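For reference, the structure is listed below as structure tokens.
The values are calculated or read from the model by the stated rules, or taken from the named source; none is laboratory data. Remember, predicted model here, so these are calculated numbers, not experimental data. Reconstructed Cβ throughout: ideal geometry from the backbone, glycine too, with neighbour counts over all protein chains shown. Ligands, DNA and RNA are stripped out before the accessible areas are found, and what is left, the full protein with its side chains, is counted by its heavy atoms. Shrake-Rupley method; radii C 1.70, N 1.55, O 1.52, S 1.80 Å.
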Amino acid sequence: MQNGLNLLLEKYSVSAKVAFSNNENVIEIEGASIPLLPWESERRFIELRNLVLTGRLGNMCTYRIGHTAKKGTDMFELLAREIGILEFTVNSKTKEIFAIAGKCAMNCIAETENGCVCTIELAATLNDGQNDIDKHEIITDNGVACDRVVDTQVPQSSIYLFGKSKEIFTDTDAELYGYTETQINTIRNAFALAKNEALRNENKEKMKHIKAVVDAAKLSLDTLENVKVEA
């Protein structure tokens, strides 16, 4: 990913010294460690957020999130991602959460400060070689907004080849052609941070709050009670 980031830095004449660290969730900018929020550079979440901010969706009734990842995935890291997506798309912080969990699954109910109630269903049950399956759906008094194609339960690709190869492609970024969707979103977020110092401070504050929500979820697992977020 560093090569892709260097390409953007050079192309758009950004002089900041930026490098990915050993922690894939952090970027080093001018010697400072800044948390990455790659979902904020992902088109489907940007468009969901825009629908909320413009008021086109109407009043939110509930938000449903589901994410199934590979076996062995850290459930709290998965929760942190989905809380980040929730707060970004509805433009509001989580104020309270309830969580229950099994061996490889976790269910949560979270409420944001603007009154959105979100159910979050997480699982780590996929085998090696299988791609994550996630879906984000906002139900309102005007209808439903979803980041997936209507009536589908799994992510769809742009191009399918049928025959001997059976390959699929979803390349939508001409500048970062060849990288995976996750890598592209991470590079784009790192580039945005390199250009904007104010955004770096925002990312720090957002990640601090996301971690507070995850800590509240851990406490809820122990107490089996709703826990208010201390942040």
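What to note about this one:
- Where a residue in segment 216-227 is part of a helix (DSSP H, G or I) and its partner, wherever it lies, is open to solvent by 90 Å² or more (accessible area, probe 1.4 Å), with Cβ under 8 Å and at least six apart: Ala216/Lys228; Ala216/Glu230; Ser220/Asn226
- Where Ser21 falls short, out of the listed (1) farther than 22 Å from Lys211 by Cβ; (2) in contact with an Asp or Glu (Cβ under 7 Å, 6 or more places away or on another chain); (3) of a type outside the set (Val, Ile, Thr): (1)
- Entry remark, segment 177-231: residues being closer than 15 Å to Trp39 by Cβ, among the hydroxyl-bearing types (Ser, Thr, Tyr) and surrounded by fewer than 20 Cβ atoms within 10 Å (Cβ to Cβ) number 2 in total.
- Screening Phe76, Phe88, Phe98 for residues that are of a type in the set (Phe, Trp, Tyr), over 28 Å from Leu193 (Cα atoms) and open to solvent by 10 Å² or more (accessible area, probe 1.4 Å) leaves exactly one candidate, Phe98.
- Residues that are in a loop (DSSP other than H, G, I, E, B) and modelled with pLDDT of 90 or more were ranked within segment 1-13; the one that is nearest to Glu181 (Cα to Cα) is Tyr12.
- Here segment 83-127 is the region considered, the condition is being among the basic types (Lys, Arg) and in contact (Cβ under 8 Å) with a residue 12 or more places away in the chain, and the residue that is nearest to Leu36 (Cα to Cα) is Lys93.
- Residues within segment 52-69 that are open to solvent by 60 Å² or more (accessible area, probe 1.4 Å) and either modelled with pLDDT under 95 or under 25 Å from Leu199 (Cβ atoms) (or both), tallied: 5
- For first residues located in segment 69-82 and in contact (Cβ under 8 Å) with a residue 12 or more places away in the chain and over 16 Å from Ala110 (Cβ atoms), partners that are open to solvent by 20 Å² or more (accessible area, probe 1.4 Å) and among the acidic types (Asp, Glu) and lie 6+ apart or on another chain with Cβ distances below 7 Å form the pairs Ala69/Asp132; Lys70/Asp128.
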